[in-house]
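J.: Got a structure here, written out as structure tokens. Questions coming.
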Amino acid sequence: MGERLMKVVNVKSHAHDSVIMIGERFANLKKYLPVETPIIITDANVLECWGNHFPPGDVITIGSGEKIKTFDTVRYIYEQLLKLEADRSSFIVGIGGGVVCDIAGFVASTYMRGLRFGFVSSTLLAQVDASVGGKNGFNIGGYKNIVGVFNQPEFVICDLDLLKTVPQKEILSGFAEIIKHGAIADKNLFNYLAENRDSALALDLPVIEKLVHDSVIIKSRIVNQDETEKGERRKLNFGHTFGHAIEKTTKVRHGEAVSAGMVIASELAVKKETLSLKDANRISDLLDQYGLPVRLEFDCNEVLETLRMDKKRAGDLIYFVLLSEIGHAYIEEIAIQELEELIR
């Protein structure tokens, strides 16, 4: 088999550009490192599956899953960096999924007021979403990413071969974000997902490469316009307002919660008569075809309490993403009370 072609997408930032390489191989990581031996942050699962492919360097290992995305984990990494005598010339590489990327990016951005860093994304969710766009942070009391910074990695390697070791449930979480990208910004991507479902779920290489690439293009285009989420970037939160609240209160996976959140947001748009019922049904049907939940049981009061802590809230209003059709999103400030009526 010859060399696969790599696709490169650039994300612009006030500090420096971030280069996202889709189809680049993990084995080539070394050539992107500005230092001989980086400090690697990873989780135990990734270390077990891929540790023998790591370049030489010190490795800091954390647990896995959303439950460890806490200040305790961040503090543990800071302590390890002190032990390793890391300084401003050190380079950090996060190798793993969304949690590893979020935490490694936060630690790198804050230790000694900022070290250079890059990512190798090992899950579909990280490749299409978490590692792109420079949002880094951690949770407090289950509130998602309530502490964080905007800071772009210098590079992101999306090696599609790494997806082979990701559990199916986690792969589906990634598809939720790809469907979101189609729903908010690209009708053709949405239709492609519907037409190529079996190949996509089988991680057929040309199909998954196209899906990752198109998602990264959509996300990077939006981030390039609005890096720190003052306007346009809010569209990427489609399904996430309810999604994060459902995720916190029910402990389902991120993609599952966002899937249910997109269905609720679509219903609200139908109620407001901006989205046709036909389009809303197409969204829930596609999510269902990808094995994602369109309905989840949750406690209304707990979800509403979490909504009030949402970063997108401004007083009694919340910046909410609605669709006018598949492929076109807009933002409206909606009273929390109206959202309350919707889910009750």
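J.: May I ask you to derive the relative contact order of the chain, considering only C-alpha pairs under 8 Å and at least 6 residues apart, and to give it as an integer percent? Working shown, then result.
T.: Details: 633 pairs, mean separation 51.9, N = 344.
In percent, rounded to a whole number, it is 15.
J.: Which of rounded, prolate or oblate describes segment 229-269 when judged by the alpha-carbon gyration tensor and an a/c cut-off of 1.5?
T.: Working: a/c = 2.52, a/b = 1.46, b/c = 1.72.
Oblate.
J.: Scan segment 278-344 for GluC sites (Glu not before Pro) in coil per DSSP, keeping those whose Cβ has at most 12 other Cβ atoms within 10 Å, and list them by number.
T.: Of the GluC sites (Glu not before Pro), the ones in loops of segment 278-344 whose Cβ has at most 12 other Cβ atoms within 10 Å are Glu297.
J.: Assign one of three labels to segment 1-158, namely rounded, prolate or oblate, based on the Cα gyration tensor with a ≥ b ≥ c the square roots of its eigenvalues; rounded applies when a/c is under 1.5, prolate when it is not and a/b is larger than b/c, and oblate otherwise.
T.: Taking the square roots of the gyration eigenvalues as a ≥ b ≥ c, segment 1-158 is rounded.
J.: Anything over 23 Å Cα to Cα? Flag those among Lys144/Lys312; Lys271/Lys311; Lys69/Lys230; Lys187/Lys210; Lys210/Lys311; Lys7/Lys219, in the order listed. Spell out each step's value before the answer.
T.: Numbers: Lys144/Lys312 12 Å; Lys271/Lys311 25 Å; Lys69/Lys230 25 Å; Lys187/Lys210 14 Å; Lys210/Lys311 32 Å; Lys7/Lys219 15 Å.
The pairs that break the limit, which is 23 Å between Cα atoms, are Lys271/Lys311; Lys69/Lys230; Lys210/Lys311.
J.: Loop only per DSSP, at most 11 neighbouring Cβ atoms within 10 Å: give me the GluC sites (Glu not before Pro) in segment 1-47, ordered by residue number. Could the numbers behind the result be given before it?
T.: Values: sites: Glu3, Glu24, Glu36; in loops: Glu3, Glu24, Glu36.
Of the GluC sites (Glu not before Pro), the ones in loops of segment 1-47 whose Cβ has at most 11 other Cβ atoms within 10 Å are Glu3, Glu36.
J.: What figure, in Å² to the nearest 10, do you get for the accessible area of Cys101 with a 1.4 Å probe and non-protein molecules left out?
T.: 0
J.: For the chain, what % of the accessible area comes from carbon and sulfur atoms, probe 1.4 Å?
T.: 49
J.: Could you check which residue among Val128, Val100, Val74 shows the biggest mean-square fluctuation in a GNM of the chain with a 10 Å Cα cutoff?
T.: Its mean-square fluctuation being the largest, the pick is Val74.
J.: Please work out whether segment 104-206 counts as rounded, prolate or oblate from its C-alpha gyration tensor, where a ≥ b ≥ c are the square roots of the eigenvalues and a/c under 1.5 means rounded, while otherwise a/b larger than b/c means prolate and anything else oblate? List each step's numbers first, then the result.
T.: Details: a/c = 2.16, a/b = 1.84, b/c = 1.17.
Since a/c reaches 1.5 and a/b is larger than b/c, the shape of segment 104-206 is classed as prolate.
J.: What residue among Ser64, Ser199, Ser13 shows peak mean-square fluctuation when the chain is described by a Gaussian network model with Cα springs under 10 Å?
T.: With Cα springs under 10 Å in the chain, the top fluctuation among Ser64, Ser199, Ser13 is at Ser199.
J.: Using the basic label-point model (7 angstrom from Cα toward the beta carbon), what is the Tyr143 to Arg113 distance in nanometres?
T.: For Tyr143 paired with Arg113, the spin-label model returns 2.8 nm.
J.: Now a separate question. Which residues does the label zone of Asp299 cover in segment 233-248, counting backbone N under 19 Å from a point 7 Å along Cα→Cβ?
T.: The answer is 242-248, whose backbone nitrogens lie closer than 19 Å to the label point.
The values are calculated or read from the model by the stated rules, or taken from the named source; none is laboratory data. Nothing here was measured: the structure is a model prediction, and the numbers come from that model. Glycine gets a Cβ as well: all are built from the backbone with ideal geometry, and neighbour counts include every protein chain shown. The accessibility values were calculated without ligands, DNA or RNA, using every heavy atom of the protein model including side chains. Shrake-Rupley method; radii C 1.70, N 1.55, O 1.52, S 1.80 Å.
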